[in-house]
Amino acid sequence: MHEKYPGVFSSIRLGPVELPNRFFFAPHGSALSAGTKPADDLVAYSAERVRGGGCGLVVVALAMHERGRTRQPSPHEAVNIPAFRVLTDAIHEAGGKIFGEPFYHWIGAGYWQLFSPPAPAMAPSVRQFGHGGRAHSTRAMARDEIARMIEATRETAANMAAAGFDGIMLHVSHAALIQQFLSPWFNERDDEYGGSLENRMRFLVESLRAAREGGGGQFAVGLRLNCDEQLAGGYGPDTAREVVATLVAQGLIDYIDLDVGLEPQQFRHGMPTGFEKAQYYRPWVEAVRGAAGHVPVLSVLGNITDMADAEAALQAGVCDVIGSARQLIAEPEFVQNAREGREDRSRTCIACNWCTAAGGEGAQGCAINPASYRDRLWGRHSYEPAEDPKHVVVVGGGPGGMEAARVAAEKGHRVTLFEARDALGGALALWAGLPGRGHYVAAIDWWVREMDRLKINVRLGTPADEATILAEAPDAVIVATGAAYSPGGRSITFDGDIPGWDQPHVLRPEDVLSGGAKPGGHVWIFDAEGYHTGTGIAEMLADAGADVRFVSAGCSPVSARNTDNWEESYIVARMKRAGVELMPSTWLRSIGPDSVTLYDVHTGEERTEPADAVVLATGRVPQDALARALEGKVAQLFTIGDALAARMLAAAPYEGQKFARLIGEPGAPSSFAEAWFAPDSLDVMPFPADVPRPMVSASAAGQR
């Protein structure tokens, strides 16, 4: 028995399957596929969270049918069985069990062929939905189509069992197809699949029976169920309890995973952000779990980031198995570290939801752990000591600089880090000081602990110029000096200096966040980013009593990044509650001594308003003068993050890790330019798990 976490580290049976412990890696979108096959990256990514006494169970999101593939591989095609066998073998060899969660979702309607218009999105009834800023309408499934989907469930379960999966989890949450049939809001049918609860359950019951028939006797069968749709006209906990009790009474399930959230109507509840209370799902899980009786209940409860909270939930009987997706994305060794008593080594997920928003940027990954999703190349096995240790100087102690310093030190290099401020954290620390955003400091705290653990020579309050750096005689320099807001207010709306920008009452975000400026009266904030800086300052100044107008050129006060990561509703609501007046579709023509002249971005109509202070939260400009001064003067010189080009948070840690891995490697690039213009290595491309991968050098593997 584990002394600290006896509940977490005890075994449990889910029907015919025994789990070695009670923490599971929850299903989620990962895009780690090669066509409809799992990629070898999915194998490495999943196994990384199991080996060494990690998760007892991995649940992999899968497409029920290859036509409706939502970035997930599909076991529906028998030809994919060998690739899935590689995945299941890896999990079993690591000491865990593996279930699959095959599903069909209206967002993943699929395509008739490459580059064709989308195929129809199938549903129980015609409903309207939006995805990626586009409106869609569903097709009400005919009986034949329902029968074919149930048959696809049977075939998929049979192929999963043949591939070595231990069980199946049908997706009855997040507005996936089976939940839509169950829901009185989604389901308006008047045949045997609609109307009464018994009829609405018919598709679920037939799908469970098909899954059990396909999987066989040693195959665990269960589902993930939404406890409360939180929609007017949707079902709530009373219905969820009745559904669970019926399934248990009929012996249809070996376990049940209780969940909350619809996608996309209010998936902010399906991926609770740091603005939401901890364990958001817990009240609904507690309301429904009693109906399960002897059947084990699984849940993620929202976002478990502390193993003590997981243990407490198990001891309280809230659920029998607990898990997470995002915490394990951020920290693959979360379970292992808790088992071994080294919890200070674990990153804490900051719920920024880059793992979901990244898709809008054409990316995938974790904002604070660049190795996640790239575990095959950058996992824990990849920190073999450099053959020829170097002296590495890092300039800048933000997330990018600290990640670069950490990785270089892990590789055995001697590292010195210069930071001009008196504390580490960079721009992320300024965000963490804004209202409601204190959860971001957890990422900084982890990096700071790593600086101490790795004995990195951190020099705080030490601005570094060319002479300072060269005096260190470095073999490699990584410049992570960030970006600053454009003094003249340049932005994507008007890429030029705003007339009147140089007056004393015109401020930049840095003046407020680190310079001590506290403007009052009529304060105008012009925000061209729509991210945390401008919105947070608006709320902060309004809370302090200023009359704040928040001006944005777009129709929304926030960017797609805050929409895609499910923070939009929280950020906008916080500004409104603070009394901030939102002024969309408007921009700044000029600034007077006590006024601003605005214009409508669509009509060009101008008006002038009184102003006591103006904050220009517009475009950011890389601070790369040091990097340019050092060109040709050190053997390896890399500029990273915002100092390279101002972008989102995730870019800085990613580039910090990427370029730190190239230091001292034979044949590695010596500069950003060499790395950018080099061809991609085959080793960074996803390969089907059952296809042998050509061998490449370690330096080539770091090229992307």
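The values are calculated or read from the model by the stated rules, or taken from the named source; none is laboratory data. All values derive from a computational prediction rather than experimental measurement. Cβ atoms come from the backbone with ideal geometry, glycine included; neighbour counts cover every protein chain shown.
For every residue, the table says whether it meets (1) modelled with pLDDT under 95; (2) touching a Gly at 6+ places or on another chain (Cβ under 7 Å); (3) of a type outside the set (G, A, S).
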| site | (1), (2), (3) |
| --- | --- |
| P557 | yes, yes, yes |
| N562 | yes, yes, yes |
| E567 | yes, no, yes |
| W587 | no, no, yes |
| I591 | no, yes, yes |
| V596 | no, no, yes |
| D600 | no, no, yes |
| E605 | no, no, yes |
Original post:
So, in the range 652-670, of the ones that are in contact (Cβ under 8 Å) with a residue 40 or more places away in the chain and small (G, A, S), which residue ends up farthest from E361 (Cα to Cα)?
Top reply: G664
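Can you work out which of the residues in the range 419-433 that are in contact (Cβ under 8 Å) with a residue 40 or more places away in the chain and surrounded by fewer than 20 Cβ atoms within 10 Å (Cβ to Cβ) is nearest to A627 (Cα to Cα)?
Among residues in the range 419-433 that are in contact (Cβ under 8 Å) with a residue 40 or more places away in the chain and surrounded by fewer than 20 Cβ atoms within 10 Å (Cβ to Cβ), the one nearest to A627 (Cα to Cα) is A420.
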Original post:
Would it be correct to say that E384 is more than 12 Å from the chain's Cα centre (by Cα), surrounded by fewer than 17 Cβ atoms within 10 Å (Cβ to Cβ), over 30 Å from A473 (Cβ atoms) and among the acidic types (D, E)?
Top reply: no
Original post:
Hey, does the range 262-280 have a residue that's modelled with pLDDT under 95 and within 30 Å of E213 (Cα to Cα)?
Top reply: yes
Original post:
Taking the range 517-540 as the search range and keeping residues that are assigned to a loop (DSSP other than H, G, I, E, B) and touching a strand residue (DSSP E or B) at 6+ places or on another chain (Cβ under 6 Å), which one is surrounded by the fewest Cβ atoms within 10 Å (Cβ to Cβ)?
Top reply: A517
Original post:
Does G632 qualify as being in contact with an Asp or Glu (Cβ under 9 Å, 6 or more places away or on another chain) and either polar (S, T, N, Q) or surrounded by fewer than 22 Cβ atoms within 10 Å (Cβ to Cβ) (or both)?
Top reply: no
**OP:** Identify the residue in the range 121-149 that is buried (at least 17 other Cβ atoms within 10 Å of the Cβ) and not in a strand (DSSP E or B) and, among all such residues, is nearest to the chain's Cα centre (by Cα).
**Re:** A121
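Which fully enclosed helices (runs of 4 or more DSSP H) of the range 176-236 have 3 or more residues being out of contact with any strand residue (DSSP E or B) (no Cβ under 9 Å at 6 or more places or on another chain) and assigned by TED's automatic domain parsing to the domain that holds L262?
Of the helices (runs of 4 or more DSSP H) lying wholly inside the range 176-236, those with at least 3 residues that are out of contact with any strand residue (DSSP E or B) (no Cβ under 9 Å at 6 or more places or on another chain) and assigned by TED's automatic domain parsing to the domain that holds L262 span 197-200, 202-215.
In the range 435-455, what count of residues is obtained for those that are outside any helix (DSSP H, G or I) and surrounded by fewer than 22 Cβ atoms within 10 Å (Cβ to Cβ)? Walk me through it before giving the result.
Keep residues of the range 435-455 that are outside any helix (DSSP H, G or I), which gives 435-437, 454-455.
Remaining after also requiring surrounded by fewer than 22 Cβ atoms within 10 Å (Cβ to Cβ): 435-436, 454-455.
Counting residues in the range 435-455 that are outside any helix (DSSP H, G or I) and surrounded by fewer than 22 Cβ atoms within 10 Å (Cβ to Cβ) gives 4.
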**OP:** Check off (1) within 29 Å of G261 (Cβ to Cβ); (2) at pLDDT 95 or above; (3) surrounded by 24 or more Cβ atoms within 10 Å (Cβ to Cβ) for A83 and give me the number that stays unchecked.
**Re:** (1)
**OP:** List the strands (runs of 3 or more DSSP E) that sit entirely inside the range 604-704 and contain at least 3 residues that are of a type in the set (D, E, K, R) and within 28 Å of the chain's Cα centre (by Cα).
**Re:** none
Original post:
Quick check, is L258 crowded, with 22+ Cβ neighbours inside 10 Å and touching a residue at least 12 places away in the same chain (Cβ under 8 Å)?
Top reply: yes
Original post:
Among the residues of the range 492-516, how many are assigned to a loop (DSSP other than H, G, I, E, B), touching a residue at least 12 places away in the same chain (Cβ under 8 Å), over 20 Å from Y599 (Cβ atoms) and not basic (K, R)?
Top reply: 3
Original post:
What tally of residues in the range 558-595 results from selecting those that are charged (D, E, K, R), in a loop (DSSP other than H, G, I, E, B) and surrounded by fewer than 21 Cβ atoms within 10 Å (Cβ to Cβ)?
Top reply: 1
Subject >> Enumeration of residues in the range 402-417 that are outside any loop (DSSP other than H, G, I, E, B) and either buried (at least 24 other Cβ atoms within 10 Å of the Cβ) or in contact (Cβ under 8 Å) with a residue 60 or more places away in the chain (or both) >> reply: M402, E403, A404, A405, R406, V407, A408, V415, L417
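Among G100, G164, which is under 21 Å from G15 (Cβ atoms), assigned by TED's automatic domain parsing to the domain that holds G215 and assigned to a loop (DSSP other than H, G, I, E, B)?
Going through G100, G164 in turn, just one is under 21 Å from G15 (Cβ atoms), assigned by TED's automatic domain parsing to the domain that holds G215 and assigned to a loop (DSSP other than H, G, I, E, B): G164.
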Original post:
Taking into account only those residues within the range 304-324 that are crowded, with 22+ Cβ neighbours inside 10 Å and within 19 Å of the chain's Cα centre (by Cα), which is farthest from S173 (Cα to Cα)?
Top reply: T305
**OP:** Among the candidates L170, L114, L177, single out the residue that is free of Cβ contacts under 8 Å to residues at least 24 places away in the same chain and farther than 25 Å from P692 by Cα.
**Re:** L114
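Restricting to the range 386-401, count the residues that are assigned to a strand (DSSP E or B) and closer than 30 Å to T535 by Cα.
1
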Original post:
Do we have T468 as outside any loop (DSSP other than H, G, I, E, B), within 26 Å of A420 (Cα to Cα), hydroxyl-bearing (S, T, Y) and in the same structural domain as S595 (by TED's automatic domain parsing) here?
Top reply: no
